[in-house]
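Encoded as structure tokens, the structure appears first; notes follow it.
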Amino acid sequence: MPALVVVGTQWGDEGKGKIVDVLTEKADFVVRFQGGNNAGHTLVINQKKYIFHLIPSGIFWPQTVCIIGNGVVVDPEVLINEIEKLKNEGLKVDSTKLLISEKAHTIMPYHKALDMAREKKAKQDKIGTTCRGIGPCYEDKVARKGFRLIDLTYPEIFKEKLKAILEEKNFLLKYLDADTIEFEDVYNKYTKYGEYLKPYLTDVSLVLWKAKKEGKKILFEGAQGTFLDIDHGTYPYVTSSNTLAGNACCGAGLGPSEIDMVLGVVKAYTTRVGEGPFPTELKDEIGNHLRDRGNEFGSTTGRPRRCGWLDLVLVKTAVRLNSIKALALTKLDILSGLEKIKICVAYEYEGKIIDYLPASLIEMSKLKPIYKELPGWKKDIKNIKKFEDLPEETKIYLKTIEEYLEVPFYLISIGPERENCLILKNPFEN
Ligand code: IMP
């Protein structure tokens, strides 16, 4: 299985970082292909917590080369801080270990300022973005007004273009009652960032093409989740990139027939941050239980995540949209101790039973989840080493999900550490 894409099947925060980290043991390359520092993965290694936003999860494995593809929007300040943090921890982060696409777009200070100003002005209509400038940066990319990382390494051209663009951005910022941005400050900072990052910049597409020809194992690490996809998510409460597996091709520059398999990550319950529809949301004690036990607070913004029961209608849609052929279930241990566990298997919409998510926000707001109720289990499952040793009720829960989705589980994560994971099948070893 040389090229594998790992994507989230819900609204992000499915625990992809942990799954990618476990799979990376066998991978030669780990590639990010969309999103930016709106994502965040927490990894626990030797009881020490690390949070990263841009650098792919594979950075901790000595044999893995980490790649940031052209589809990622890069805040150079954040990236440089992450590189420096890793270096201070004694890790090697040179251009043999980390490669960055020269075509990746740069998040500029006005992107962050606009993101924040718009959210502030929108009040009740806000999206609940991470305010990291992601949307405005992708807007400029599509409008052909963006700066790619390579552009920062040509100061003279950068200078002229920046002057022109700042006029327009400052006009907008004034309209939004936000502070304007000074040319000198941005120019000096960003040309320095360009110098710092230059050794890492390369044609990532070419590197991946050669790697694939040599039979190297490549893992594409999706950020956010299926229902935050700009086209197929709960629009407009979505992020500004295509989060689906298909975008691994465009966002890294590898053709679709080079992808061998897609693995979907499903959290044993559902969470979302920010605004937007969430049919199985629980605003009760069980929701609090999931939030507290699952430590469901955003790793980027620290915001409490909204929590609810597992919604299989959503996950089955994600299976279809991404061509998912294998699943990894995460945070199963968080359900331990609950008397009963519910799984949403359909919705009721205006008296009818439906098994799909409608496109309209108005229709989404009227959905009533239809649940299948299963028995819970009391036992703490975190330290179980073999699938057979899981409680019978846990196995019933897993079987119910597998049968509904018609996709097998390859990995089951039962705790935060690398070791707390039952690997039923490793997609890199077939
Ligand atoms: P943006 O990506 O910052 O523009 O935010 C748009 C929406 O996506 C908001 O609801 C965010 O909370 C959500 N979002 C962005 N990144 C993540 C993520 O990594 N996990 C979960 N939600 C995210």
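The values are calculated or read from the model by the stated rules, or taken from the named source; none is laboratory data. This one's a predicted model, so the numbers in the text were calculated from it and none came from an experiment. Positions of Cβ are generated from backbone atoms using ideal geometry, with glycine treated the same way; all protein chains shown enter the neighbour counts.
Structure values in brief
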{"read-out": "Meets criteria (in contact with a Lys or Arg (Cβ under 7 Å, 6 or more places away or on another chain), assigned by TED's automatic domain parsing to the domain that holds residue 233 and surrounded by 12 or more Cβ atoms within 10 Å (Cβ to Cβ)) for residue 358", "value": "no"}
{"read-out": "Top-ranked residue of the range 52-68 - restricted to ones that are of a type outside the set (A, V, I, L, M, F, W, C) and either over 20 Å from residue 427 (Cβ atoms) or within 12 Å of the ligand (Cβ to nearest atom) (or both), ranked as modelled with the lowest pLDDT", "value": "62"}
{"read-out": "Residue, surrounded by the most Cβ atoms within 10 Å (Cβ to Cβ), within the range 299-319, restricted to residues that are within 16 Å of the ligand (Cβ to nearest atom) and part of a loop (DSSP other than H, G, I, E, B)", "value": "305"}
{"read-out": "Residue 87 being under 27 Å from residue 150 (Cα atoms) and surrounded by fewer than 19 Cβ atoms within 10 Å (Cβ to Cβ)", "value": "yes"}
{"read-out": "Residues of the range 249-291 classified as at pLDDT below 95 and either touching a Lys or Arg at 6+ places or on another chain (Cβ under 6 Å) or in a strand (DSSP E or B) (or both), total", "value": "1"}
{"read-out": "Number of positions in the range 256-278 that are more than 16 Å from the ligand (Cβ to nearest atom) and surrounded by fewer than 20 Cβ atoms within 10 Å (Cβ to Cβ)", "value": "5"}
{"read-out": "Hits in the range 20-49 (condition: surrounded by fewer than 24 Cβ atoms within 10 Å (Cβ to Cβ), of a type in the set (Val, Ile, Thr) and outside any strand (DSSP E or B))", "value": "22"}
{"read-out": "Sole exception among (1) over 17 Å from residue 239 (Cα atoms); (2) surrounded by 14 or more Cβ atoms within 10 Å (Cβ to Cβ); (3) within 16 Å of the ligand (Cβ to nearest atom); (4) among the polar types (S, T, N, Q) for residue 101, by number", "value": "(3)"}
{"read-out": "Those residues of the range 113-137 which are near the ligand (Cβ under 10 Å from one of its atoms) and free of Cβ contacts under 8 Å to residues at least 24 places away in the same chain, in sequence order", "value": "115, 119"}
{"read-out": "Top-ranked residue of the range 320-341 - restricted to ones that are surrounded by fewer than 21 Cβ atoms within 10 Å (Cβ to Cβ) and without any contact (Cβ under 8 Å) to a residue 60 or more places away in the chain, ranked as farthest from the chain's Cα centre (by Cα)", "value": "339"}
{"read-out": "Leading residue by the ranking (farthest from residue 69 (Cα to Cα)) among those in the range 143-178 that are outside any helix (DSSP H, G or I) and not hydrophobic (A, V, I, L, M, F, W, C)", "value": "177"}
{"read-out": "Residues being of a type in the set (A, V, I, L, M), within 20 Å of residue 256 (Cβ to Cβ) and either assigned to a helix (DSSP H, G or I) or away from the ligand (no atom under 16 Å from the Cβ) (or both) - total across the range 184-238", "value": "7"}
{"read-out": "Output for the range 402-414, where each listed residue is out of contact with any strand residue (DSSP E or B) (no Cβ under 6 Å at 6 or more places or on another chain) and surrounded by 19 or more Cβ atoms within 10 Å (Cβ to Cβ)", "value": "405, 414"}
{"read-out": "Answer residue from the range 9-51, given it is within 13 Å of the ligand (Cβ to nearest atom) and among the aliphatic types (A, V, I, L, M) and is farthest from residue 70 (Cα to Cα) among those", "value": "51"}
